[in-house]
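Okay, structure first, notes after.
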Amino acid sequence: MERMEVEDGELARARSGDHEAFRTLVDRHGRAVFALAFRITGNAHDAEDVVQETFVKAWRRLDEFEARSKFSSWIHRIAANAAYDLLRSRRRRHEDPLGTEGDDARPLASDTPSADRIVFGREVDSRVRAALHRLGPLERSSFLLRHVDGMSMREIADALGSDPNAVKQSVCRAVKKMREALRPALAGSHP
Amino acid sequence: MSLHLDDDALVLHATGDVDDPAAVEAHLATCAECRERRAEIGGVMAAARPEVADPGADFEARTWARLQPALGPRRLRTWKAPGAWLALAASLAVAFLLGRQFPQAPLPAPSPASAALDEAARERILLTEVEEHLERSQRVLVAASHAQAPGELEPARAVAADLVRDNRLYRQTALRTGEARLVDVLDELERLLVDLSKAPEDSPATDARALQGRVDDVLFKVRVLGARLRGRDPARPARVRPATS
């Protein structure tokens, strides 16, 4: 409660144009925004661009922020939208959003299970990244925002300019694709 | 009637979004096959949490150093003040008439002096021009979005048509020089301006908030681009210079 009151004060000062108050908010929420953006875009360079875009938008739209909602939820919705836009833009241009062309170009790892847990972990991680790379922008964003960031279907739909049913279907398709990609590795872990 | 739950129901159960969780759980209690599939989905989701890179100890300082120049002063929302937008519409009408008397000159050809400017400086100039162009566009679009009578839209429509031409020039430059994100931004703006320039004279039906939001998005993106270009290594050859056609 006390922290919310402090944040309310910072928001009020930021609304009146106080850069230092806004900087406090950026410092407090920047890493969480970076993490969200990194998961969706798949690389640090794009994630930092999303952080920039998110906070510039927030600065311009502070008047639209409603005090009864949480600032962190609001800023995450802006970040989700910015990251999704970037991902869509990259896909339209057939660029590699994850910077993992090598990972994606090579076939999925061998189906031979590894006895070494570290190697196994790497294999799963590699498959996760490759599978995420293959998802469409809406599938990838919806899945990660729901599964990792804990946003509701409605919040995701609002953030991405979609509707909750489309988001729900995207999450289901994403899990189906992830399941197909990970099945060999996960099956190998339970001989 | 299906004997088993479909995959979507199991996925939505795993995410906590299934419509009737009690029914799903009752079925899972009696169906080993569905329990196995549900467990597999749970395993996939547990694994599908991509690692996030550490942005570094200087992340906050770095972020603010890039962000601060892009912030600028806070602005009041003019659409909430009818008097303010009416004044703006009036000034736009004057600007439009002046524009007819003294048409805006085309972009100047590079002079010897400008040719002597270093590449980074030219980048900054172009970005400044683009940003000013977007500011002009925003003013036009805001005024148009608040037009309430048939005659009020006309000045903004005409200015928008002029801005479309400038916009195409900037977009061509950005396209030629490979500024993909700038191209995206200008594409978006061009669609807005074209829509406005072709709007029926007696139609003030543009959604003010939606339009303002679209214009704001364009401005935000350009400000971020500007900050990014200003942060470029000055030794790096510039990739953007104004088109001359």
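No lab work stands behind these numbers, since they all come straight from the coordinates. Note that the coordinates shown come from a computational prediction; the quantities given were computed from them, not determined experimentally. Ideal geometry is used to build each Cβ from the backbone, glycine not excepted, and the neighbour counts take in all protein chains shown.
Residue-wise HN-Hα couplings along the stretch A:85-91, as the Karplus relation 6.51 cos²θ - 1.76 cosθ + 1.60 with θ = phi - 60° gives them from phi, are 4, 5, 4, 5, 4, 5, 5 Hz; Gly and Pro carry x. Full extension of the chain between B:Glu129 and B:Ala22 gives 32.5 nm of extra length, using 0.36 nm per residue less the Cα-Cα distance.
If R₀ is 35 angstrom, what is the calculated FRET efficiency for the pair A:Glu20 and B:Lys198, using the beta carbon separation as r and rounding to 0.05? List each step's numbers first, then the result.
On the way: r = 45 Å, r/R0 = 1.30.
E between A:Glu20 and B:Lys198, to the nearest 0.05, is 0.15.
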